[in-house]
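The values are calculated or read from the model by the stated rules, or taken from the named source; none is laboratory data. Computed from a predicted structure; not experimentally measured. In this analysis, Cβ positions are derived from the backbone assuming ideal geometry, glycine residues included, and neighbour counts consider all displayed protein chains.
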Amino acid sequence: MTENLSRQSPSTAQERPRIGLLLLTAEWFIEVGATQGSFRDLPRLLDEDAAQIDVALDANLDIVNPGVLATREQVRQAVESFCQEGVDAVVACQITWGEDRLILDVVRQLPNIPLLLWCYAPFGQLPAQMTMLDLFRASGPVGAVQASGPLKLVGAQLVYLGQPRLGGLVANEQLDALAHMLEEPAQTKNFIRYLREEVP
């Protein structure tokens, strides 16, 4: 479920902020067999959700997307690619429930990069009857809430994005505002100072 996608539009490559996209799941799903049998469609559905997220953000930002990540080694490689690409910030999205250690690894390895934690859900409205496959796929908000506690304890530079659904997910004007802020070095520094609680 991993594929490194880093795209730049020739006309805008130097104009748009570059964002590292962390799409996190849990190795647990593989370990318990939740990617086989009646759950065999889970990896494909997560990849489809990931593609929609990528397209939505790519309208305003240059995205470095290493794909859906489940292991610490995959996260380590993603962080390496973020450093090589010189990302301005990281958007972390628990695409399903996941283990805290993955996002905490990112915070430790990128201590000076702003982190935006996105509470994402694939459904505009939950199905009337949910299968276990639906439940696994919709478990991202649980992962986001779970991750927010340890992130605060380690003093992560964190902003919480609470609009989960892609259709009205993060409004274009909000992405525009984020993009414009990251384009301006002075505003980016103020943003980081705010995240570090250096600004009253």
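Name the residue that is farthest from residue 32 (Cα to Cα), counting only residues in the range 131-151 that are aliphatic (A, V, I, L, M) and either modelled with pLDDT under 90 or within 20 Å of the chain's Cα centre (by Cα) (or both). Across the range 131-151, the extreme among qualifying residues is 151. Just to be sure I understand, how many residues within the range 86-104 are buried (at least 17 other Cβ atoms within 10 Å of the Cβ), in contact (Cβ under 8 Å) with a residue 60 or more places away in the chain and either among the hydrophobic types (A, V, I, L, M, F, W, C) or more than 16 Å from residue 139 (Cα to Cα) (or both)? Final tally of qualifying residues: 11.
Has the range 40-60 got at least one residue that is over 22 Å from residue 132 (Cβ atoms) and either outside any helix (DSSP H, G or I) or touching a Ser or Thr at 6+ places or on another chain (Cβ under 7 Å) (or both)? Checked against the condition, which is being over 22 Å from residue 132 (Cβ atoms) and either outside any helix (DSSP H, G or I) or touching a Ser or Thr at 6+ places or on another chain (Cβ under 7 Å) (or both), the range 40-60 yields at least one hit. Taking residue 49, is it touching a residue at least 12 places away in the same chain (Cβ under 8 Å), acidic (Asp, Glu) and touching a helix residue (DSSP H, G or I) at 6+ places or on another chain (Cβ under 8 Å)? In short, yes.
Only residues that are in a loop (DSSP other than H, G, I, E, B), at pLDDT below 90 and either over 20 Å from residue 137 (Cα atoms) or among the hydroxyl-bearing types (Ser, Thr, Tyr) (or both) were counted in the range 9-39, giving 10.
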